[in-house]
Amino acid sequence: MTGAAAATALPGVAITAYGVYQLVAGLAGSPYSRSMALTLGVIYLAFGLGICWVARGLLHCQTWARTPALLTFLANFGAAYWMLQGDYYVYAVLSIAYGVAGIVLLFAPASHRVLTR
């Protein structure tokens, strides 16, 4: 469960950090569109904190957290598709491997035993 929670928290922390960066850049910098930078910052911040909340739920072995964590890892496959379209093959393979590893951690026998009612 700790591995699944850590694998879920990693993109959550990255997305949250990017959201904070967008907010700071929108307020302190000179972006092309200040309102767009602030809007994206709030959206990324909300999604990132939501994923971190799901990782916290996994860490506390709460059964509800498996489905949103699974959706987080499945989103990697969508991102990998667009990476393949843009000829970023190495990043696409890494994204697919990360998604598969996260799903395997979520459904490993120990995790399955804890998260199944």
- Query: Of all the accessible heavy-atom surface of the chain, with the other protein chains kept in place and a 1.4 Å probe, what percent is carbon and sulfur?
  - Reply: 74 percent
- Could you work out how far helix 89-106 tilts from the main Cα principal axis of the chain, as a 0 to 90 degree angle to the nearest 10? 40 degrees
- Query: Considering only DSSP states other than H, G, I, E and B, which chymotrypsin sites (Phe, Trp or Tyr not before Pro) in the stretch 36-117 qualify as loop sites with at most 15 other Cβ atoms within 10 Å?
  - Reply: Y88, F107
- Query: Counting only heavy atoms of protein chains, what accessible area per residue, in Å², does the stretch 47-117 have with a probe of 1.4 Å?
  - Reply: 64 Å²
- Note on the structure: Here the gain from full extension of Q85 to T39, 0.36 nm per residue of separation minus their alpha-carbon distance, amounts to 13.9 nm
- For the chain, find the longest principal axis of its Cα atoms and tell me its angle to the long axis of helix 34-59, 0 to 90°, nearest 10. 10 degrees
- Provide the solvent-accessible area of R56, counting protein heavy atoms only and rolling a 1.4 Å probe, rounded to the nearest 10 Å². 130 Å²
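The values are calculated or read from the model by the stated rules, or taken from the named source; none is laboratory data. The model shown is predicted, which means the values in this text are computed figures rather than measured ones. Glycine also receives a Cβ, built like all others from the backbone with ideal geometry; neighbour counts cover every protein chain displayed. Just so you know, the surface numbers come from the protein's heavy atoms only, side chains and all, with ligands and any DNA or RNA stripped out. Shrake-Rupley method; radii C 1.70, N 1.55, O 1.52, S 1.80 Å.
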